[in-house]
Each structure stands twice: as C-alpha cells, then as structure tokens.
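*Asks:* Here it is, the structure, as structure tokens.
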Amino acid sequence: MKTIIFLIIALGGIHLTINSQSIVNTKHNLSVNGPGTVKAVSESEICIFCHTAHNSNPLTPLWNRNDPVASYIPYTSSTMKALPGQPSGTSLLCLSCHDGTVALGSVLSRGAAISFASAVNMPAGPSNLTTDLSNDHPISFTYDMALANANGQLKNPAILIPQIKLQNNKLECTSCHDPHINLYTDFLVATSQNSNLCNACHQKTNWAASSHNTSLKTWNSVAPNPWPYTPWTTVAQNACENCHNPHNAGSPTRLLKHAPEEDNCLDCHNGNVASKNIQAEFAKTYRHDIYNYTGIHNPTEPSLIITKHVECVDCHNSHAAKAQTAIAPAVKGPNIGVIGINQSGAVVDQVTNEYEICYRCHSLNPATGVTSPRKIVQNDIRLEFNPANPSYHPIAAIGKNTSISGLISPLSASSMIYCTDCHAGNGAGASNGPHGSIYPQILKFNYDRTSAYVNSYSAYELCYQCHDQPTTITNHNLLSGTGTHGTLTSCNTCHDPHGISNTQGSISNNSFILNFNLNVVSNNSNSLLNWTYNSPGSGTCNLSCHGHNHINSTY
C-alpha cells in the first residue's frame, strides 16, 4: 500500500496527515487545541513546537529547539553486546522534550517561551524519561551484522521490517517511534500486540513455542492488574510486556517491570492469570526462598552456583517455558532452556534432564536442613545419584535392584523418577515443582525423621506413594523374623533417600540405599557398624539398635 502524504494548512501551521492519521489528533499536538492535558495556553500553531521554516537548528528537519545539554546515563547490561553512548541524531531531538530538562515552549522561532497551561517542562510520568536512561531501551548504538552475530539473538539488520529505520546504522528513538503517526499507541511504528515490534529485531531462542508467546490466558480482574500499561488482554498479546517495560522500567536490569525479580513472574503466577497459584507456594514454611535474594542472579554467572541464591530464572527460562509433560528424567516444558550441570559435572547450556537443573546448586554446595546424620556423609547430590554407585533412587539411571517388589503400578524396577516426584508442593492445587511445602526439604508428602521406631502410612506417606505399604512391611518382616523392622523401625533409620557414593560405599555394605541414621543406630560392642549383603533376602548386621547388640546377626 502506498503512503499518501498531504500537506495541510490549518490553524496557522503545517501538519501532516498520513494514512488518515493526523498529528492534530495526537498528544504531539501541543497547541491550545490539542487533545492531551499537556498543551499551550493560547498558541494555536501545531508544528511550531518542533519545526520552523526559518532560523532553525542546523539539525534536520528544520528543528525549532535547542539541543539538551544534559549528560545522560545510558542503559547497561552484563549480557549486552551493543555499545550505547550519549544520545545522538533524532534521539537527541526527542529528548529535548522527553528528558524533562528543557521547557516545552522553548523554541528558537520565538523570542519568549510559549506558555503552557499545566506544566513548563514535561511532567513526571511515563513520557518523562529523565536523564537517567538506564531503565529505557538502549539507543544510539550501531546495529550491524557484527552486533547481530555477537548477540546471537538479534536479526540481521538488512532484513528488518521497513517501518524500522536505522539512522547512520544506529538504532535511535525513531527506529521504534514515528512522532507524526500514532496508529499503534505511543507513536510506535508497528503494533506491540504479540510483541510484533520487539520480534522485528529480537529472535529469542525457543520463543515461538513458549507459553508466554502462545497462551490465551486472561486476567481474572482481581487486583493488581498485571498489564497496567497495555490495552491487551491475553498473555500472548502482551508477550514481552508480560515482564518487560521498554521505558521507565521498574528495574534497569533487562528492563523488567519490577525491581524484585520474582514480582515480574508473580504478576501472573499468583492465580489471577496462570492456573497455579505459585505465590501461595512461596508462603509455605519450607520453600525455595526467592524473596531472600534481589539483584544477585546474573545470566553470566558461573554455571555451578557458588554464591548461594535462588530466583525463578534459575529454574525457568521465561522465553522458552511451556506447558509440556515429559517422561523422567527428561526435562519438562516449564524448565526448557535452562542452564545446568550434567551427571558428569559438565556444563549444559540447555538441560535435557530435570536433575541437571538441581545439580547446578546442589552439587558441591553444602546441604541445608539435613536432620539425619549418616554413617556415610555426602552433601553433593550429583555424587549420590551417580549410576556407578552401589545403590541410589533412579534419578539419573535405572536402579541397581532389578527384582524390587512392592512398587505401585505403573512403576517397575526399570522405571526412573524425577527429583520433583519427591520435592514439590503439597496439597490440592499445589504446583509440580519445588516452590514450597509444609514439609521439610520441600517434600511432597510427610517423611518423618523425628521418630526412630514408628512406621506408619502417615509418617512415611512420601515413601508409600511408590512403595506399596503392606508389601513393603511384609518384606521387612520376613527379613527380620520378628516383625520389628517393618512396623517398629522407621524407613529413615536404615535408608538414605538419595544414594550412596561409590567412592564411600560398596555393594556389600550399601545396597538398597542402606546408610544408617546415627541418631538411632550406633556401633556394637565390637565397635562395628555395618550391614553385609550375603545373598538375595539374606544379610548380616553388626550394630546396636533399639537397645539390642547385633553381632554377626544374620537375617
């Protein structure tokens, strides 16, 4: 479609009508007849606030304002490859009003400033960017193929949509805004709906299939409004602006809407847009305490977390996350695109298994909240789940016990499980992730470590989600011959829930994830503390437990 431009003499000045859009009907009409609240007391000319036919600023196009003299704070980021400098070109022209330092009525063609009704300078608000541009989209930087290659997620500038115009190969305010046309609100050159304008330059990995790009979820009208600055009503329509604000952002860090990182997620994940109320999970006693850390997470930080912290983006990539199930141990949709540590200890830029996310923090970092001292102590969960170990829960590989009985269908000896099968929200409506729980270590069900000699369904509900209680108890009774192991000894007394490292334990002593709880079990009179595997269904104990001295006691 051809663009038709009409020059119209109106109200003593020249203005433009483009595709039936006239500046007369926009907030850039600062004359007394303008539609906005910021306007002149009596001046009826329209274009004079920016342009003049005579004695103009040397800058094009016939500019009627002096350049601002302020020194600006440009946007910076640890991940940015561009090099924004002081504003230049058309950006400097825009800022002669929008930085709030120059009177709106201060024009070169008049001997005195034009009087304004409600404000001398641009009033505080979204339109006043101030001289601190650190919370605004970067401008006045060279956008070329070298930058696109260095960034890896920017489009080739040669194929940008024609509405986006670079000035001297630089991205300026007028690359995104046309001051004469307001067809798309905020004088944007293209619609921001579905982030069409953002996607004209940015091509984020995995974005096309992500929920934040495709979800048709709407706000339920319960305050606060997650999208106060846009007219759009679905997650997909808001897209980038679900989390980001290109101007006057709440946080200069990646232009997030809110300074506390989690608030950008909880705008929607508080039950008012997304179906799960994750915010309620974080109010539980045991949780990944995202509120305890602000400004610590950085995408450029070491892959293996040394400085302890946890934020939503440590486990979720908002540009890639989607609602998609998987079979253990494969990563599920909400965690796609996250960096992690694999079973070998190597960095993976995008995890393929869920446990690789957990290893990033829980490998080589001391465990917290452990309530059961063990004969073999190991705080690195990656080593606990090593497939070379004598025994382990099948997180990273199929378990060693090929004849295990009592598993609840569809589980079998060849099944694998997720970390989040045990560590997740509890109760109806809880999330499937380790956000928060009423049970220690963010467990999904109760696992009682306080009672040494009581084993009931309620005490070990976590175990009995997978292990059939009657069968499990019967098996332990048969082994003990007295009925005490199955009913009077807790799961936690003998079994270490994760696994036993092959550098510390052995098949003969630590099969079946046996690693005794030292709060209950101690050395026997011969100073021995071990269980020795003899044959299937047979073993020998040397230890002291429940007031009984076991010396080569065979069961």
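Bear in mind that the values in this text are calculations on the coordinates, not laboratory data. Everything quoted here is computed from the prediction, not taken from an experiment. As a convention, Cβ positions derive from the backbone with ideal geometry for all residues, glycine included, and neighbour counts pool all protein chains shown.
*Asks:* Would you compute, from DSSP H runs of 4+ residues alone, the mean residue ellipticity of the chain at 222 nm, taking -39500 (n - 2.57) per run and dividing by the full residue count, rounded to the nearest 500?
*Replies:* -3000 deg cm²/dmol
*Asks:* Over region 122-232, what lengths in whole Å, largest first, do the semi-axes of the equivalent ellipsoid take, defined as the square roots of 5 times the eigenvalues of the alpha-carbon gyration tensor?
*Replies:* Taking √(5λ) for each Cα gyration eigenvalue gives 25, 21, 14 Å.
*Asks:* Something else now. How many percent of Cα pairs in region 1-201 exceed 22 Å?
*Replies:* 52
*Asks:* Angle, helix 89-98 long axis vs. longest principal axis of the chain, Cα atoms, 0 to 90°, nearest 10?
*Replies:* 90
*Asks:* Take the Cα pairs of region 388-554, get the Kirkwood Rh, then feed it into Stokes-Einstein at 37 °C and 0.692 mPa s and tell me D in µm²/s.
*Replies:* 195
*Asks:* Sort all Cα-Cα distances of region 63-170 into consecutive 5 angstrom bins from zero, then give the percent of pairs in each bin up to the one containing the longest distance.
*Replies:* Taking every Cα pair in region 63-170, the percentages come to 2, 11, 18, 19, 17, 13, 10, 6, 3, 1, 0.
*Asks:* What is the list of residues in region 381-420 whose amide nitrogen lies under 20 Å from a point 7 angstrom out from the Cα of Ser344, following Cα to Cβ?
*Replies:* 381-389, 395-398
*Asks:* How far is helix 469-480 tilted, in degrees, relative to the longest principal axis of the Cα atoms in the chain, given as a value from 0 to 90 rounded to the nearest 10?
*Replies:* For 469-480 against the chain, the angle is about 40 degrees.
*Asks:* Sort out for me the Cα centre separation of region 295-328 from region 79-128, rounded to whole Å.
*Replies:* The two parts, judged by their Cα centres, are 39 Å apart.
*Asks:* Let me ask something additional. Could you tell me the relative contact order of the chain? Use alpha-carbon pairs under 8 Å, at least six residues apart, and round to a whole percent.
*Replies:* Over the chain, the number comes to 8 percent.
*Asks:* Quick one: give the max-minus-min coordinate of the C-alpha atoms of the chain along each principal axis, largest first, in Å.
*Replies:* 107, 44, 40
*Asks:* Take every Cα pair under 8 Å in region 1-201 that's 6+ residues apart, average their separations, divide by the length, and report that relative contact order as a whole percent.
*Replies:* Result for region 1-201 is 17 percent.
*Asks:* Neighbour counts of other C-beta atoms within 10 Å: give me Arg449, Arg360 arranged from fewest to most.
*Replies:* Fewest-to-most ranking of Arg449, Arg360: Arg449, Arg360.
*Asks:* From the backbone phi of region 330-342, what are the Karplus-calculated ³J(HN,Hα) couplings (6.51 cos²θ - 1.76 cosθ + 1.60, θ = phi - 60°) in whole Hz, Gly and Pro given as x?
*Replies:* Couplings: 4, 5, 8, x, x, 10, 5, x, 9, 6, x, 10, 7 Hz.
*Asks:* Quick one: order Ile551, Ile164 by neighbouring beta-carbon count within 10 Å, fewest to most.
*Replies:* The fewest-first ordering by Cβ neighbours comes to Ile551, Ile164.
*Asks:* For region 305-389, what relative contact order do you get, as a whole percent, if you take Cα pairs closer than 8 Å and at least 6 residues apart?
*Replies:* Over region 305-389, the number comes to 21 percent.
*Asks:* In addition: I'd like the distance separating the alpha-carbon centroids of region 49-72 and region 148-163, in whole Å.
*Replies:* The distance from the Cα centre of region 49-72 to that of region 148-163 comes to 31 Å.
*Asks:* I want to make sure I understand the PRE zone here: with the label point 7 angstrom from the Cα of Asp132 toward its beta carbon, which residues in region 245-272 have backbone N atoms less than 20 Å away?
*Replies:* Inside the label zone: 245-264.
*Asks:* Same structure again: Sort Tyr447, Tyr392 so the one with the fewest other Cβ atoms within 10 Å of its own Cβ comes first.
*Replies:* Result, fewest neighbours first: Tyr447, Tyr392.
*Asks:* How fast does region 302-442 diffuse by Stokes-Einstein, in µm²/s, taking the Kirkwood radius from C-alpha pairs at 10 °C and 1.306 mPa s?
*Replies:* The calculation lands on 98 µm²/s.
*Asks:* Right, here's the next one. State the Cα centre-to-centre distance between region 518-555 and region 166-199 in whole Å.
*Replies:* 75
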